[in-house]
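Notes follow the structure.
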Amino acid sequence: MTERILVIKLGALGDFVQAMGPAAAIRRHHPQARITLLTTPAYAELGRRAPYFDDVWTDERPGWMRPWALACLVRRLRAASFDRVYDLQTSDRSSLYFHLLWPRQPEWSGIAVGASHPHANPDRDRMHTIDRQSDQLAMAGIAAVPPPDLSWAATDIARFELPGRFVLLAPGGSRHRPEKRWPAGRYMRLASFLSNIGLAPVLVGGPDDAAAGGEIARDCPAVRNLIGRTGLGDLVALGHACVYAVGNDTGPMHLIVAGGAPATVLYSAASDPALTAPRGAHVTILRRDDLGDLPVEAVAATLPLR
């Protein structure tokens, strides 16, 4: 009988990217299993393209104000009769699903009270996401977890008609967290510097970044503005093709680094790179409590200009 496995990873984007190493390890550990991913709609298509899952379910994260939706999800989980669940979200919500499956709960790797394979490390909340998930899987019997590899997600970016040597700039971030953004004027000055030394500055980001991108592109005509024009797979491909990348603590930088880009990532006091930073062969972290105190010269000094 085919083993049935569920992997839970809801978001956010950076966390989803960093869960792809564990997903690869789970697939390798259960080569003949039917593996289902439970994720949010934003990452469902990326999950369907991943070589680790046979099925992708979406979780709208219904709350107590929508009890019928929560009940439907729980019924679906019950009907699937999963043999084991790897809860890589390890949140109150995902742990709730474990308890709602009582009294026929599957084997469970996570932090839910009563889980068969609990992640019992008392330091888990002080660990980088990648280290924490590797430690969790080790306690569930999966010893080796590779770094995230999203080469399977890369798309054809020829349609953008980019020059041979370009630097990606990711000047945005969540509109609810403006303190995580390096000022747009600094990105404009960095873009001008790149243009002057023969490197094309290329802006990437989502709809929330349009205002910052428009300001930068207006004041630096050499900029190629791709904000709002790239899918998740495009960011992986751009990360593979670029000379370098500079960006804030934002989800697209995780995809860009996973694509292979050497990068400088900018952090304020609003988040801790020791817990969340993208990891790659050549990733530099610059941090100031207030990113307004980070000069352009300090960022430019990290670029490989030789």
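Values as computed for the structure displayed
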item: Rg over Rh, two decimals, the stretch 63-169 (C-alpha only, Kirkwood Rh); result: 1.14
item: Top positive-direction residue, dipole computed over the stretch 153-300 with Cβ charges, set Met253, Ala300, Val236; result: Val236
item: Residue order, fewest to most beta carbons within 10 Å, for Ile197, Ile256; result: Ile197, Ile256
item: Fluctuation leader among Pro122, Pro106, Pro262 - the chain, Gaussian network, Cα springs under 10 angstrom; result: Pro122
item: Lys, Arg +1 and Asp, Glu -1 on Cβ, resulting dipole of the stretch 153-300 about Cα centre, debye, nearest 20; result: 160
item: Burial ordering of Ser94, Ser81, Ser174, fewest other beta-carbon atoms within 10 Å first; result: Ser81, Ser174, Ser94
item: Euclidean distance between Cα centres, the stretch 37-69 to the stretch 106-155, Å; result: 19
item: Calculated [θ] (222 nm, deg cm²/dmol) that DSSP helices of n ≥ 4 give over the chain, each run adding -39,500 (n - 2.57); result: -10000 deg cm²/dmol
item: Fewest-first sequence of Val74, Val113, Val236 by Cβ atoms within 10 Å of each Cβ; result: Val113, Val74, Val236
item: Crossing angle, helix 184-196 versus the chain [Cα axis fit, 0-90 degrees, rounded to tens]; result: 60
item: Three semi-axes of the equivalent ellipsoid, the stretch 1-121, Cα gyration tensor, whole Å, largest first; result: 20, 17, 15
item: Binned Cα-Cα distances of the stretch 153-300, short to long, each 10 Å bin given as a whole percent; result: 13, 47, 36, 4
item: Unit Cα scatterers, Debye sum, the chain: log10 I(q)/I(0) for q = 0.10 Å⁻¹; result: -0.59
item: The chain, dipole about Cα centre (Lys/Arg Cβ +1, Asp/Glu Cβ -1), debye to the nearest 20; result: 440
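Just so you know, all these numbers are worked out from the coordinates, no wet-lab data involved. All figures in this text were calculated on a predicted structure; none of them were measured in a lab. All Cβ positions, glycine included, derive from the backbone under ideal geometry; neighbour counts span all protein chains shown.
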